[in-house]
Amino acid sequence: MPAVLRAILLETQRRCGPHLLELLDKKILVTYQICNIIGDESALHSMLACKGASGRKPCYRCPTILSKQCSKQLGEEMMPDGFFSIAHPSLAGLHQSTDEDIWELLSYLEEQQPNVSKQRFAELQRSIGWTLAPGNLQLEPNLRTSLPPSCFLFDPLHCYFSQGILGTEMTLLVGRLKHNNYPLSSLAAAVSDCSKSFTSLHPPNVTALSDRFFSEETWKANASTQLGLWPLIHWTLQTRLPGHIKEALSAELSSFHALCEELKHINICKHAGTSRGLATLQSIQEKHMLAFVAAYTEECCKPKHHFRLHVIEDYWKRHQLFDCVALERKHRLAKAEIEARGNNLSAVDRCITARLNLIQLDEMKSYRFGFQVVSPDILQHGCFPVRVLTPLCFVEASMLLVPVKWVQTQKGPCDPCLPWWRDICALANASRALFNATRISLAYRAWRGYVLNKERRRQENEAARARDPRPFLGLREQGLEDSSDPEP
């Protein structure tokens, strides 16, 4: 993954030259660059080549946060001053690494590698939390400033819903409910009864509240199902749960209530596009972490309980809440298309491109997607932030995406026939086309490299077999095993 990320950066720098944009009879020179990369923790750790949960420091941003196993081995008495477990409720008082700190650590690893044994170096990497991976752009001074570690963001979708803390807490809560003679079927029936009292374009999948969707560690329902069910579950537990169970599970229900309050505030911040209320959200996060530890102990905490704290921190800095909701399905379908095409290298790029275009067309028809100019004073601010709001469709001539309807701005409706509006659409289309082309190109190259390497290894084995067939023969064929039949 570090080598793939390096290839993406070089490809972007090579293809994304300056673009002359005409806005309101004025010309602006625009250049493209990768500002941020968002993903789940495993993807970020792979691209940054850090140890993550497999090391003693699971968070690459917080060097004073120790893994659960390390904290358990040390204990509270032996915990060094200034170090905390992943159950620490907030980022206040934590030391966070800067880009320069991380680069200094990598330089230290490069200095130590030739001077220590492999075992000692592996322990050093595990303790520091970083590794020396081939092709890692963080090791190259000329490239790492273009995409430093501070540009990598934790995805709230994976922190909360996709095998996230909501699934962990639901599994623990369902176990406690069963222990108090309230089976999962009763909860599912109550949620289904509540869902009948309203209408929705996307009815909740109540079948996910069955035993086959729960493992020992998490709730295996997908993210969209969890998004649709958690408000109903919260309402059901508040209004339909018997009083004696509420009293017996007061700590567990308090933790779940705090988590649902956190999810509600995150949803408001995401759709309102404002940073107001973030201080309240941080206090709710701290309240939930304390309630969760009180109900289930630190042993049940996951690294994502800490990673979600950085989601709000990034919102403070960037005034935008990014997530991977719109990309998850498209990525899965693209991977499935690559696997299905196999060795058909001559047509795999065309098939993937057509498939992604059809998927994008279906996604953009949804009411959730579209473009709206947030600031009409484009030339004054020097930039034009774009917000996704109104529906989109394909233009038959150029196969590019443009708005179907006019959109409302602070100064009234925007005419899509205006030159500056067409330029904005063209720029957005060019950015999307470039991203898709880069992603498809890298996927195609990776698959082609895999097939070619497989073919090269096969040819090398055949050549080696022709030179000396003995290593490829069995014991019987080499005469090293008695070929006579054993006696009955």
- [ ] Go through the stretch 128-168 and count every residue that is of a type outside the set (Val, Ile, Thr), closer than 30 Å to Leu249 by Cα and out of contact with any Phe, Trp or Tyr (no Cβ under 6 Å at 6 or more places or on another chain).
- [x] 8
TODO: Could you please let me know if Ile165 is in contact (Cβ under 8 Å) with a residue 24 or more places away in the chain and outside the structural domain of Ala223 (by TED's automatic domain parsing)?
DONE: no
TODO: Run Ile38 past the list (1) in a loop (DSSP other than H, G, I, E, B); (2) closer than 21 Å to Tyr315 by Cα and report the number of the one that doesn't hold.
DONE: (1)
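Quick grid of which residues meet (1) buried (at least 17 other Cβ atoms within 10 Å of the Cβ); (2) aromatic (Phe, Trp, Tyr); (3) within 23 Å of Leu157 (Cβ to Cβ):
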| residue | (1), (2), (3) |
| --- | --- |
| Asn36 | no, no, yes |
| Met47 | yes, no, yes |
| Gly55 | yes, no, no |
| Cys62 | yes, no, yes |
| Gln69 | no, no, no |
| Leu74 | no, no, no |
| Glu104 | no, no, no |
| Ser107 | no, no, no |
| Glu111 | no, no, no |
Task: Which listed residue is more than 26 Å from Leu237 (Cβ to Cβ), touching a Lys or Arg at 6+ places or on another chain (Cβ under 9 Å), in a helix (DSSP H, G or I) and modelled with pLDDT under 90, from Leu333, Leu321, Leu327 - done: Leu333
Task: Output for the stretch 131-160, where each listed residue is touching a Pro at 6+ places or on another chain (Cβ under 9 Å) and part of a loop (DSSP other than H, G, I, E, B) - done: Ala133, Pro134, Gly135, Asn136
Open item on the list: Any residue at all in the stretch 336-349 that's modelled with pLDDT of 85 or more, out of contact with any Pro (no Cβ under 8 Å at 6 or more places or on another chain) and surrounded by fewer than 20 Cβ atoms within 10 Å (Cβ to Cβ)?
Closed with: no
TODO: Please report, ordered by residue number, the helices (runs of 4 or more DSSP H) entirely within the stretch 161-266 with at least 3 residues that are of a type in the set (Val, Ile, Thr) and closer than 30 Å to Gly39 by Cα.
DONE: 165-179
- [ ] Considering every residue within the stretch 114-123, establish whether at least one is assigned to a helix (DSSP H, G or I) and buried (at least 18 other Cβ atoms within 10 Å of the Cβ).
- [x] no
Open item on the list: Step by step: first the residues of the stretch 209-257, then only those that are of a type in the set (Lys, Arg) and touching a residue at least 40 places away in the same chain (Cβ under 8 Å), then the one that is farthest from Thr171 (Cα to Cα). Which residue is that?
Closed with: Arg240
Open item on the list: Residues that are under 30 Å from Ser283 (Cβ atoms) and either without any contact (Cβ under 8 Å) to a residue 40 or more places away in the chain or touching a Lys or Arg at 6+ places or on another chain (Cβ under 8 Å) (or both): does the stretch 118-134 have at least one?
Closed with: yes
Task: Of the criteria (1) more than 23 Å from the chain's Cα centre (by Cα); (2) at pLDDT below 90; (3) assigned by TED's automatic domain parsing to the domain that holds His257, which one Glu140 fails - done: (3)
- [ ] For the stretch 235-243, state whether one or more residues are within 25 Å of the chain's Cα centre (by Cα), closer than 26 Å to Ser185 by Cα and assigned by TED's automatic domain parsing to the domain that holds Ser185.
- [x] no
Open item on the list: Can you report the number of residues in the stretch 304-318 which are crowded, with 18+ Cβ neighbours inside 10 Å, farther than 18 Å from Phe292 by Cβ and in contact with a helix residue (DSSP H, G or I) (Cβ under 9 Å, 6 or more places away or on another chain)?
Closed with: 1
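Residue-by-condition table, conditions (1) closer than 16 Å to Leu309 by Cβ; (2) outside the structural domain of Glu140 (by TED's automatic domain parsing); (3) without any contact (Cβ under 8 Å) to a residue 60 or more places away in the chain; (4) not β-branched (Val, Ile, Thr):
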{"site": "Lys26", "(1), (2), (3), (4)": "no, no, no, yes"}
{"site": "Leu29", "(1), (2), (3), (4)": "no, no, yes, yes"}
{"site": "Gln33", "(1), (2), (3), (4)": "no, no, no, yes"}
{"site": "Ile37", "(1), (2), (3), (4)": "no, no, no, no"}
{"site": "Ala43", "(1), (2), (3), (4)": "no, no, yes, yes"}
{"site": "Met47", "(1), (2), (3), (4)": "no, no, no, yes"}
{"site": "Lys51", "(1), (2), (3), (4)": "no, no, no, yes"}
{"site": "Gly55", "(1), (2), (3), (4)": "no, no, no, yes"}
Task: Test: residue in the stretch 85-98 that is over 21 Å from the mean Cα position of the chain (by Cα) and not in a loop (DSSP other than H, G, I, E, B) - done: no
TODO: Looking only at the stretch 298-306, decide whether some residue is basic (Lys, Arg), modelled with pLDDT under 95, in contact with a Pro (Cβ under 8 Å, 6 or more places away or on another chain) and within 20 Å of Phe161 (Cβ to Cβ).
DONE: no
TODO: Of the numbered conditions (1) of a type in the set (Val, Ile, Thr); (2) over 26 Å from Tyr160 (Cβ atoms); (3) touching a residue at least 60 places away in the same chain (Cβ under 8 Å), Ile65 fails exactly one; give the number of that condition.
DONE: (2)
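The values are calculated or read from the model by the stated rules, or taken from the named source; none is laboratory data. Worth saying up front: this structure is predicted, and the values here are computed from it rather than measured. In this analysis, Cβ positions are derived from the backbone assuming ideal geometry, glycine residues included, and neighbour counts consider all displayed protein chains.
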